[in-house]
Amino acid sequence: MEIYEIHGATPTAELSRPDPETEARTSVAVLPFVNLSGSPSDEYFSDGMTDELIAVLSRQRGLRVISRTSAFSVKDSGLGARAIARLLNVQTILEGSVRKSNGRVRLSARLVRAEDEVQLWSETFDRELDDVFAIQEEIAQAIARALQVELLGGVTRYGDVATRDMAAYTLYLKGRYCWAQRSERSLKRAVAYFRRAIEVNPSYALAYSGLADALTVLPDYAAFPREEAHHRALEAAQKALSLDDELAEAYASLADVKLLYEWDWRGAEQGFQRAIRLRPSYGTAYHWYAHCLLYTGRFEEAYVWLEQALELDPLSVIAHANRGLALYALGDHKRALAALHQATGLAPEFGIAEVYLGLVHCALGQLEEARSHFSSAEVNLGQKSVLAEIGCAVVEASIEGHDSARRRMEQVQERHHAHEPFCIAAGYAGIGDAHEAFRWLEEAFRKRDTMLRFIQVLHLFDALHDDPRYREILDRMGLLSAAPPA
């Protein structure tokens, strides 16, 4: 067991940590409900039911609910309740099944105490399909009573947050299902589903928030104009808030747009804080808030908030990878390697973690290990392999000489110049060509390349820190005013 201590870094005072003993008594993982409908095409419905129960329960203050990513990672694992509880660090497990047939739905659920697998509560609900929302409320209330959690109104206002329109709700579930797949095809389908949900019910706030989330990340996976993604995502997030100004998901959606596209560091931070206050178990908000702190140079705080995100989502591969990135930024390379190996242990072909491992080994001077990780990342990232390619060029500069690295960078530049100016700048900075690095940083700023947010995180730019042009870029991005006090 590794034990860490951090000096001089605490979460923002406004967002104090919950009491650990209370959390331990009231922690639950909602496992993916089993689809018994006989048709694999109904899988979205059983998964959607699980998603919505997680959302409903996580709005209850005093109840720690494991987020979707970790809960779904144990789907079809064959593990028993006790083993899953140890893996996810919870005291109770909610599991069940869903069967759709002839316009009706039967949902069976049971709550299990993990330490001895004693059943604390069980119930079967038979309803018309248009009563699905009532089922969610009944289950959430019953579980809360079983856990002796005092409800603070989250469930009773759930009907305002969501919709009573079954057609819109079904489209929303399909959208979230596709959004979670994170591929070009699935994200485009997610956008289409969210838009259809909005057409069916124009006052459906969650559908607008889902649309904003899908549009925000779409350019990272598809040839989709970033300016258009920014405009449409911003419009959707603002619409969600106009419909429900206490919807945590909408505050997080809007804050993510401000963070990635507008470089509004303070506005993004305030939005994430608001989302966390409204829904203390919303792990995504913790994770995205940590991103904000990381990009603005507050590396120790970012690490603390990533730890909290992992308490809610302990099997999140990207959260483990970003924890490693925060430790790399701090210069704590040994612990960075440990965190990144946790990420690759969960997902051996996760290319982003391989890139980060390459960067850490570069910082340690372990060049052959770095080249191995960058090469693996090139394969696993496919069309988005530019970071791995520039990593290989940086390694070549040290092993094979500047001329070889320069040729490699020219090849990268030829393939990616239209879309990845920041990554090209990072490569030139890494091989010691400051002139080309600043030329491409200017291009990245001109194009509002969203990757420019990593400028303070990557040690590839360390050699440029004393150049006035470096601080000028930070100042133009608003990063100097967003930095923590000296």
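The values are calculated or read from the model by the stated rules, or taken from the named source; none is laboratory data. All figures in this text were calculated on a predicted structure; none of them were measured in a lab. Cβ sites come from the backbone with ideal geometry, for glycine too, and all protein chains shown count toward neighbours.
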Q. In this structure, does LEU357 turn out to be among the hydrophobic types (A, V, I, L, M, F, W, C), buried (at least 23 other Cβ atoms within 10 Å of the Cβ), without any contact (Cβ under 8 Å) to a residue 60 or more places away in the chain and more than 30 Å from GLN91 (Cβ to Cβ)?
A. yes
(Q) Considering only residues that are surrounded by fewer than 21 Cβ atoms within 10 Å (Cβ to Cβ) and touching a helix residue (DSSP H, G or I) at 6+ places or on another chain (Cβ under 6 Å), which ones fall in region 381-391? (A) LEU381
Q: Looking only at region 446-486, count how many residues are over 28 Å from PRO225 (Cβ atoms) and of a type in the set (Lys, Arg).
A: 2
Q. Would you pick out the residues in region 258-278 that are buried (at least 24 other Cβ atoms within 10 Å of the Cβ) and more than 16 Å from the chain's Cα centre (by Cα)?
A. none
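Okay, residues lined up against (1) in a helix (DSSP H, G or I); (2) under 30 Å from ARG279 (Cα atoms):
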{"residue": "PRO314", "(1), (2)": "no, yes"}
{"residue": "LEU325", "(1), (2)": "yes, yes"}
{"residue": "ALA329", "(1), (2)": "yes, yes"}
{"residue": "VAL355", "(1), (2)": "yes, no"}
{"residue": "HIS361", "(1), (2)": "yes, no"}
{"residue": "ALA370", "(1), (2)": "yes, no"}
{"residue": "ASN380", "(1), (2)": "yes, no"}
{"residue": "ARG408", "(1), (2)": "yes, no"}
Q | Sole residue being at pLDDT 75 or above, surrounded by 17 or more Cβ atoms within 10 Å (Cβ to Cβ), touching a strand residue (DSSP E or B) at 6+ places or on another chain (Cβ under 8 Å) and part of a loop (DSSP other than H, G, I, E, B), chosen from SER46, SER37, SER70 | A | SER37
Q. Tell me, which residue of region 203-245 that is farther than 22 Å from ILE276 by Cβ and of a type in the set (Asp, Glu) is nearest to the chain's Cα centre (by Cα)?
A. ASP220
Q: Provide a single number: the residues in region 382-406 that are in contact with a Gly (Cβ under 9 Å, 6 or more places away or on another chain) and part of a loop (DSSP other than H, G, I, E, B).
A: 1
Q: Only one of these is surrounded by fewer than 18 Cβ atoms within 10 Å (Cβ to Cβ) and in contact (Cβ under 8 Å) with a residue 60 or more places away in the chain: ARG448, ARG476. Name it.
A: ARG448
Q: Go through region 130-229 and tell me which helices (runs of 4 or more DSSP H), entirely inside it, have 2 or more residues that are among the polar types (S, T, N, Q) and modelled with pLDDT under 70.
A: 132-146
Q. If you scan region 81-104, which residues turn out to be without any contact (Cβ under 8 Å) to a residue 40 or more places away in the chain and over 21 Å from GLU311 (Cα atoms)?
A. ASN102, GLY103, ARG104
Q: Can you tell me which residue among ARG266, ARG335 is touching a helix residue (DSSP H, G or I) at 6+ places or on another chain (Cβ under 6 Å) and touching a residue at least 12 places away in the same chain (Cβ under 8 Å)?
A: ARG335
Q | Within region 279-307, considering residues that are in a helix (DSSP H, G or I) and modelled with pLDDT under 90, the one nearest to LEU480 (Cα to Cα) | A | THR284
